[in-house]
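Each value in this text was obtained by applying a stated rule to the coordinates, not by laboratory testing. Remember, it's a predicted structure, so these values are computed and weren't measured experimentally. Neighbour counts are summed over all protein chains in view; Cβ atoms, including those assigned to glycine, are modelled from backbone coordinates with ideal geometry.
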Amino acid sequence: MKATLRIESLVHGGEGLARHEGRVVFVRGGAPGDLVEAELQGGSARFERTRALRVLEPGAAHVAAPCPIVDRCGGCPVQHVDSGAQLAAKSALTADALERIGGVAPGTYQLLPISPSPKKFRYRRRARLHRGKGGTWGFKGDEGVVAVEECLLFEEPLQKLADALRGEDLPGVMDLGLDTSASGKGAVDLRTPGPPSPALRKRARQLLAGLVKGVTLGSEIAGDPVLIDDHPGFRLRSRPDVFSQANRSMVPALQSAALAALGEAVSGRILELFCGSGTLTLPLLLRAQSVIGVESAGPSLQLLRRSADEIAGAAGKLRLVAGDAAEALPGLLGPFDAALLDPPRTGAAEAVRALAKHGIPRIAYVSCDAPTLARDAKLLRDAGYQLVSAHPLDLFPQTAHFEVVAAFVRVSGAWRGTS
């Protein structure tokens, strides 16, 4: 049946929240304040999901989405929402997750103003494309891979790299990772379901011209896939086959927020988990007495070591440990003045439990998923830690994603083994 719904707010994932006859309805394509028409299935479930068929009355937050494939691609579910409303929603969702899921009492912590991205579009320096029908490249939508000729989130160098590779014959490649430096050079990661064929190895070497300076192909490398961005006091390296932040323009803000969350302990002995290739480690080395960094990805550690060795006065400050964060912790001897962690979207429950057993006085937690941050915040609360502040940062305008930097201090008690 068709129903008329008023969108109240945005929820995690970018859908609009509405209500119909006592049931919650999550509506894709609705902005706060919109009156929309949608198809409902009904039934006894407490909620259902649907898509707005049309907007009957646009709310104040509704804007025209400039991307022609936004409804099919699925990568920018809030592109039809005004930038200010996007920021307000992400700030509210930070508090909602910490208080509703994490059990943090309202008013007991400081929710800092959300940091906006200086770029609303054209901010991505890297992306991963998937092979679709007919050899096209695109993003995974609701109905499979949606071919993408132009992405409005791509920086100009990334768009040029994607354009240059679109017609290339890459036999067996199903996923195509693209990365670019601020200077415009690019590197490519080719992924296949099985071992790469001799034809693909040859083709990878042939790509080393023009915009492409290096290719990663499983454990094999052609050219030099390492890209470098200059920052005050250090150089940050990346490769297309390992994680790095996609929004180059927001990296300084993320670094500043993470260091601020460490408080006065930033000049002391720091334990960093999930250190990656050094986005947060390198600025930390300019201030800390010592840093122990733990990371499971070997190539990331290699990039970090190369960058750290270039920093004047940092010799001997950094020790790197390869391995799983939770498994490595018992063997790391402190004392530490603070810990910094930046886990993947799934969070760091086991690492948080191990950290709590160490009794580290202060923890700065950088999260790209507010609900899993809230889950881990509850673990820390049960272990005697208090949330001091939460700082949301909009690293991903037009999408449902954002970062949160949370600061915790140990206030009392010992680990009670909460599962």
Check your understanding: Taking the DSSP beta bridges in the range 2-62 as the whole, what percent of them are antiparallel, to the nearest 5?
Key -> 75 percent
Point to revise | Listed residues Arg205, Arg319, Arg46, most fluctuating in the chain (Gaussian network, C-alpha, under 10 Å) | key: Arg46
Study note, to complete from the structure: Under the rule rounded for a/c under 1.5, else prolate if a/b exceeds b/c, else oblate, using alpha carbon gyration tensor axes a ≥ b ≥ c, the range 2-62 is classed as prolate
Exercise for review: Along each of the three principal axes of the Cα atoms of the range 79-184, give the extent in whole Å, ordering the values from largest to smallest.
Suggested key: 57, 33, 24
**Study point:** Gyration tensor (alpha-carbon) shape descriptor, the range 237-308, a/c threshold 1.5
**Key:** oblate
Check your understanding: For the chain, what proportion of DSSP beta bridges, expressed in % and rounded to the nearest 5, is antiparallel?
Key -> 65 percent
**Study point:** the range 19-36 - phi-based ³J(HN,Hα) in whole Hz, Karplus 6.51/-1.76/1.60, Gly and Pro as x
**Key:** 9, 9, 6, x, 9, 7, 10, 9, 10, 7, x, x, 9, x, x, 5, 9, 10
Review point. Counting other Cβ atoms within 10 Å of each Cβ, which GluC sites (Glu not before Pro) in the range 17-117 have at most 11 and sit in a DSSP loop?
Key: Glu21
Exercise for review: May I ask which of Lys2/Lys120; Lys119/Lys185; Lys357/Lys378 have a Cα-Cα span longer than 24 Å here?
Suggested key: Lys2/Lys120
Review point. Among all the aspartates and glutamates, which ones have a C-alpha under 12 Å from Lys160's C-alpha, if same-chain residues fewer than 8 places away are not counted?
Key: Glu149, Glu150, Asp179
Practice item. Would you mind ranking Ser117, Ser183 so that the residue whose beta carbon has the fewest other beta carbons within 10 Å leads the list? Key: Ser183, Ser117
Study note, to complete from the structure: Relative contact order of the chain (C-alpha contacts under 8 Å, at least 6 apart) in percent is 14 percent
